[in-house]
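Everything below concerns the one structure shown next.
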Number of protein chains: 4
Amino acid sequence: MTKVIISCAVTGSIHTPSMSPHLPVTAAEIAESALGAAEAGAAIVHLHARNPQDGRPDQSPEAFEPFLKVIKQASDVVVNLTTGGSPYMSVEERVRPAAVWKPEVASLNMGSMNFGLFPMLKRYKSFQHDWEPAMLEGSHDLVFRNSFKDIRYALETLNPTATRYEFECYDTSHLHNLHYFWSEGLVQAPLFIQTCFGLLGGIGAHPEEVLHMKRTADRLFGDNYRWSVLGAGASQMKVAAQAAAMGGHVRVGLEDNLWLDKGVLAPTNAAQVTRVRKILEGLGLDIASPAEARQILALKGGDNVGF
Amino acid sequence: MTKVIISCAVTGSIHTPSMSPHLPVTAAEIAESALGAAEAGAAIVHLHARNPQDGRPDQSPEAFEPFLKVIKQASDVVVNLTTGGSPYMSVEERVRPAAVWKPEVASLNMGSMNFGLFPMLKRYKSFQHDWEPAMLEGSHDLVFRNSFKDIRYALETLNPTATRYEFECYDTSHLHNLHYFWSEGLVQAPLFIQTCFGLLGGIGAHPEEVLHMKRTADRLFGDNYRWSVLGAGASQMKVAAQAAAMGGHVRVGLEDNLWLDKGVLAPTNAAQVTRVRKILEGLGLDIASPAEARQILALKGGDNVGF
Amino acid sequence: MTKVIISCAVTGSIHTPSMSPHLPVTAAEIAESALGAAEAGAAIVHLHARNPQDGRPDQSPEAFEPFLKVIKQASDVVVNLTTGGSPYMSVEERVRPAAVWKPEVASLNMGSMNFGLFPMLKRYKSFQHDWEPAMLEGSHDLVFRNSFKDIRYALETLNPTATRYEFECYDTSHLHNLHYFWSEGLVQAPLFIQTCFGLLGGIGAHPEEVLHMKRTADRLFGDNYRWSVLGAGASQMKVAAQAAAMGGHVRVGLEDNLWLDKGVLAPTNAAQVTRVRKILEGLGLDIASPAEARQILALKGGDNVGF
Amino acid sequence: MTKVIISCAVTGSIHTPSMSPHLPVTAAEIAESALGAAEAGAAIVHLHARNPQDGRPDQSPEAFEPFLKVIKQASDVVVNLTTGGSPYMSVEERVRPAAVWKPEVASLNMGSMNFGLFPMLKRYKSFQHDWEPAMLEGSHDLVFRNSFKDIRYALETLNPTATRYEFECYDTSHLHNLHYFWSEGLVQAPLFIQTCFGLLGGIGAHPEEVLHMKRTADRLFGDNYRWSVLGAGASQMKVAAQAAAMGGHVRVGLEDNLWLDKGVLAPTNAAQVTRVRKILEGLGLDIASPAEARQILALKGGDNVGF
Ligand SMILES: [Zn+2]
Ligand SMILES: [Zn+2]
Ligand SMILES: [Zn+2]
Ligand SMILES: [Zn+2]
C-alpha cells in the first residue's frame, strides 16, 4: 500500500498575526516551524512569506530566500512554494517566487472564486495591525482571480523549471478546469490534487462533499492523480481522517487551521502533524518520508531547485 | 404532486448569431420566440436583450422594453429578466434592466467563476460579426465576477421591488454562498434555485453532479427551495429528465443549447419546450401554468411589474 | 450512442388476477400481451406462466409451451424466461422451464432476501381466489432463497445451453454476489444487469438508490456490463427516466407495475411500453430492435432456442 | 458534541478457533477479553457463547451465564447479547439467551441474506476441529434467515423485557425493513443502527458504500437513530475512521476482524479498542463511558438485566 504524504502549510496568507501568537511570521519562525513539522513527519512543507514587521503576506522572492536556505540546509523535506500568495495579488506577482526559486512543488489554484474571509471578523475583537481587519473586510468584494489565461501563464512560466504542482481545487469546477489543461497537455501525470474544503467561497466540508470531489477526480483522471485533502478550521482532522480512510494524502498546518482542539490553539505546526499521525497510525498506515513523497509524486529532487 | 415549471431561456448572451439562424436577436424575434415557448408550455421566459444589428448582448433597459410590452400584452407567462447579462459587464450594468422593469423574477448568479466559452471556437469556421470570435476568444481571460458585495448590491437594489430570484448556481460553492445570504436574511424562501450544468468553468453535467447539487441543496435548504435545472448543450434533455424524475423543475431554451438532436438545430425555442414535455408526459407529470408557477414560487403577480 | 433496450415483463408472479383485469393469465393472453409489447417497441419479453384457471404461478415447462410457440411464430422479439418463478418455489423447479426451452435469456436472482408482498393486502378488499391473499399473507415469512449454491446450480444447468442472463439485483449485495461468480468465471461479459428498485425486502426506489446501484456496478464491472432498471409500482417511470438519462436500458410491464397513471390501471403491457418510449424520445434516444438487442447483449439468436 | 461509543464484539460465531489462538472460547476467556476491552475503552461488549471444548457456537442460555456473572461483577460495561447466534440456527434458538438474560441491548439482524464464509477456506490449510471447515464449506448453501415474521418474533419476545436493540444492517434493504417495523411501532427511537460492511452476502466496505448506508439511514430515520459501523476484516479501521469522521459510533472486536495489522493477529480485543482510540483521539473526539452510552442509547440500566 502507498504510504501517506503529510503536507504541512506553515503560515499561509489567510490567518493574521492577531489570531494566534503561534502563527509563524518572520523568516526564522517560518523556518523553525517548517523544520519542526518535518521533524514530526511532514514530507512536504507548503510555504508563504510574510513581512516580518506586520505579518502581511509578502510575495517578493527575496522574502522567501532566508527560510528556504535554512530549511534546505537542515532537512530533506520537500519544499512547496505558493503561487496563490494572497488572493489580492496579480498572477504575475504570485508566480514570481516559484519562478525564481524553482522548488520541487508549487501550488496552483485551478479556478476563480469568491474568497469570503469576513466571517472571521466576528470572532476577533481587536487586531494588532490595521491591515488585518481591512484585509478581512475587503474579502466581501474579493474575487480570487485564476482565469484560464492566468493558469496558463503560471504553467508556461514554471513548466520549464520542472517544478511540479499542488493543484488546489476548491470546488468541482476546478477539477474540470484541471482536466482541460490535462487534455491540452500542459500538465502531466501523476497530478497532485489538493482538494480544499470548508472555505466560504468554495465547497463545504461535509463528508458528502469530500467524497464528491474524490469521485469526480476518479472519473476525470483515473489513476493519473494522487489525492490529498485539506479541511479548513474545525473540519481539518475530520476531512483528513475521511480521506486517509479512502486512500488519500493529507495536508495540515496553520495556514488551514489555527486550532488543535476546540478552544485550544495549536502551539506549533508540528502539533498538528503529530495529531494527524495518530489517525494514520490508528489506520495502520505508514507515513511517507520526503524521499518516498518524491517517488510518489515524481518530483525532480531537492538538488534541482534554485535555492 | 407539484406540477413542473418549464422555464425557457430564449436567447441569452453566450451563443452568437453565426451559430444558429434560429437564435432570436431583434426584439420582435425575441418576443415571438418567447410567446411561442409560452404557447408550447413554458410558464416562465428568461430574457436577455441583444443589439438588433449585430446580435451583441445589450443590457440597456431600453433594449428590453419593446419585447416586454409585446409579451405582456399577449400572454400571462412569467417574465424573468437576466441580471447575468454578459459576464463581461459590471454588476451595476447587469442589474439595471431588472431595476427599471421590476419583473416577477430576475436571475442572479451566486458566485465568481471562470467562463470558458472558447471551446466553441473549434466548432465554427467563420463568423458574421467580428465581436463573436473576439468574445469567445476573450473568455480565456474572463472571470465572471459575482463577489459577495456584488450579490448584495443586486439584492439590495431589487429586494425593494418585490422581484424574486432565479438563483443560478454553477457549482457547490454557489449553493453555500446562497446559504450565506439566506442566513443573513437577504433572501426569502421559497428560493428558486437554478442549478446549471455543463459549462466549462462550472460543474459538469454527469448524473453524479446533478444529484450532488440536489443533495447539497437539500442539506442546506431543506424544504425552503424549489429546484430547477439547466443542462448546457448536449446534456440539456438528459439533465432535465434526471431532474424531473427526482421532482425538479426544468429549464430549456436556446440560451442553454442550440440543438434539438445531434446535428439538428432547434428551429425554435418552442421546439425544445415541446421536446421536454414528452419526457414530463412520459413521467406522468403535469405542466405548471404561469398561474401555478406564480403560486409555487410565491411571485408578486404579472400586474405588479414595471412594464 | 447505444440504442435503448426496452424489456417488458408481461405478467410475473407477484401480482394476482384480482388486482387488475388486464393482467395476462392464460397462455393466449400472455402471448397476445407479449406480442403487443413487442409491437409497441419492446425488444425483450420477460415471461412467467400461470395456471389458466386461477392465475397461480405455474413453473412447469409445459405451462410455457403454448405461448412460446405463438410468440416465436409471430415475432422476432427476444424471449427471456424467468428462473425466479415464484419466491415460494425451489431452485430446481424454478430453473426447469429455462433448462427445457433454452431461451436466449433467462432471469437469475443474485441473492437471498425477504420478499414483503403483504403491504398489498391493505389495498385490496376482496380476492377472486383463496390463494391470492394466502400468498400475500405468507410473504411475512417468505425468504426468497438464492444461496451461492442455488445460483451455481442455475448457472451450471443453463450455461451449457448458451442461454445468457438477466441478472436481477435487488440490493448492493446482489452485485457483489454477481461479482463473485464473475471472478470465478461462471458468468461472462457483457453481463446484463437488471437492478430492481422499490420492493419491500430489497433496496428502495429513491434516486440516490438508483445511482448507488449504477455506481457500484460501474466500480465492480467497468465496461463489462449493460445496465437496465425496473422500478416497482409508482416508481416505474421515474426510475426508467433517471436510468435512461444515465445511459441505461429499461424494463416495464405488468409484472413490475399494474398502473399507467395514478388511479389508472394499465390496459395492456404495450401501454407501458408506449409510455416509456415518450421519455426515450424526449431524450432523443433510439429504441433497440430485437436484432440490436441481440447484438448489445451478445445473444445466441432466436434460431438457437429450444422451442 | 456527542461522545463516541466503542462497541467490542468479543468472539462472534464466524471465526473459528483454528484461525487465531487469541479468539476467546471458554467462558473465562470471553469474560476476561470482554473486561479487557471495557478497560481499554469499550462502553458496550457484544457477546456470543461457544462450546468450551471445541469452540463451536453455543446459543443455549446456560452457556452465557458464567461470563455474564463475571462481567457484571467486575464492570459497568453495557452487555449486548447476540440474537444472531449462528446463521445456521433457528430464530427461536437465537433469541433464547436474550429472552432469559434480558440484557440492556440485544443484536437483531434486519433481513435475510446469503452468508458467504467459504472464501476463508482458501486462507487456512488445516483446522483443529472438523466442524470448522464444515461450517465454512456449508456457507455455500447458507441463507441467514430473518424473515419479517422472524424479526417480529424477536421483537415481540424481547420488547416486554425493555431490552433495546443493536439493529444489524448488512445492506440497504435491511434499513428499509427496519423502517417498516418502525412505521409499525414495534421499535422505538433512538434506534441504534449497526451498519455492517464487507461480508460476502452483504454490502461491501468501499467508502461509497459506507456513506450510502449513512445517507439512506438519514433519509429514513432523520434524528431518530444513532449510527454505528463495523467493517469486516481488513476494512475494520478504515470503516471506523470514515464513520467517526462523520459523527458515527464504532464497533471493533475479534468477531469482525482477527487482525491488528497486515499479518499481525490481534492479541486481544483490547488491542483493537486501543487502536481505534488512536483514530478517535486524532479526531479530537471523546470516548463515551458506559454511563454515557446508556444515556445516548436510552438504555434501561445495568441494574435491570436478568443476570
Ligand atoms: Zn497556501
Ligand atoms: Zn441568462
Ligand atoms: Zn419475473
Ligand atoms: Zn455477533
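Annotations
- Under the condition of being outside any loop (DSSP other than H, G, I, E, B) and farther than 19 Å from B:Ala74 by Cβ, the residues counted in segment B:288-307 number 4.
- Looking only at residues in segment C:1-24 that are in contact with a strand residue (DSSP E or B) (Cβ under 8 Å, 6 or more places away or on another chain) and within 14 Å of chain B (Cβ to nearest Cβ), the one that is farthest from ligand 3 (Cβ to nearest atom) is C:Lys3.
- Screening A:Lys102 on (1) closer than 16 Å to A:Gly253 by Cβ; (2) away from ligand 1 (no atom under 15 Å from the Cβ) shows it passes everything except condition (1).
- Of all residues in segment C:46-57, those being without any contact (Cβ under 8 Å) to a residue 40 or more places away in the chain and surrounded by 19 or more Cβ atoms within 10 Å (Cβ to Cβ) number 2.
- Output for segment A:267-283, where each listed residue is farther than 28 Å from A:Val25 by Cα and crowded, with 19+ Cβ neighbours inside 10 Å: A:Ile279, A:Leu280, A:Gly282, A:Leu283
- For segment B:242-275, filtering for residues that are of a type in the set (Gly, Ala, Ser), away from ligand 2 (no atom under 14 Å from the Cβ) and over 17 Å from B:Thr2 (Cβ atoms) leaves 4.
- Residue within segment A:238-253 that is away from chain D (no Cβ under 13 Å), surrounded by fewer than 21 Cβ atoms within 10 Å (Cβ to Cβ) and either among the acidic types (Asp, Glu) or part of a strand (DSSP E or B) (or both) present: no
- Meets criteria (without any contact (Cβ under 8 Å) to a residue 60 or more places away in the chain and in contact with a helix residue (DSSP H, G or I) (Cβ under 8 Å, 6 or more places away or on another chain)) for B:Phe192: no
- Residues in segment D:96-151 that are farther than 20 Å from D:Arg56 by Cβ, over 17 Å from the mean Cα position of the chain (by Cα) and among the acidic types (Asp, Glu): D:Asp150 alone.
- Of the listed requirements (1) assigned to a strand (DSSP E or B); (2) touching a strand residue (DSSP E or B) at 6+ places or on another chain (Cβ under 6 Å), A:Ala271 misses just one: (1).
Here is a yes/no grid of residues against (1) at pLDDT below 95; (2) surrounded by fewer than 20 Cβ atoms within 10 Å (Cβ to Cβ); (3) under 24 Å from B:Gly301 (Cβ atoms); (4) under 18 Å from the mean Cα position of the chain (by Cα):
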site: B:Glu62; (1), (2), (3), (4): no, yes, no, no
site: B:Leu68; (1), (2), (3), (4): no, no, yes, yes
site: B:Pro87; (1), (2), (3), (4): yes, no, no, yes
site: B:Arg94; (1), (2), (3), (4): no, no, no, yes
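- Of the residues in segment D:217-226, at least one is within 14 Å of chain A (Cβ to nearest Cβ) and among the aliphatic types (A, V, I, L, M).
- Hits in segment B:274-287 - residues which are over 12 Å from B:Ala42 (Cβ atoms) and outside any helix (DSSP H, G or I): B:Leu283, B:Gly284, B:Leu285, B:Asp286
- D:Leu283 away from ligand 3 (no atom under 16 Å from the Cβ) and within 10 Å of chain A (Cβ to nearest Cβ): yes
- Residue in segment B:176-189 that is aromatic (Phe, Trp, Tyr), closer than 19 Å to B:Asp256 by Cα and crowded, with 18+ Cβ neighbours inside 10 Å present: no
The values are calculated or read from the model by the stated rules, or taken from the named source; none is laboratory data. Predicted model only: the values in this text are computed from it and were never measured. Cβ atoms come from the backbone with ideal geometry, glycine included; neighbour counts cover every protein chain shown.
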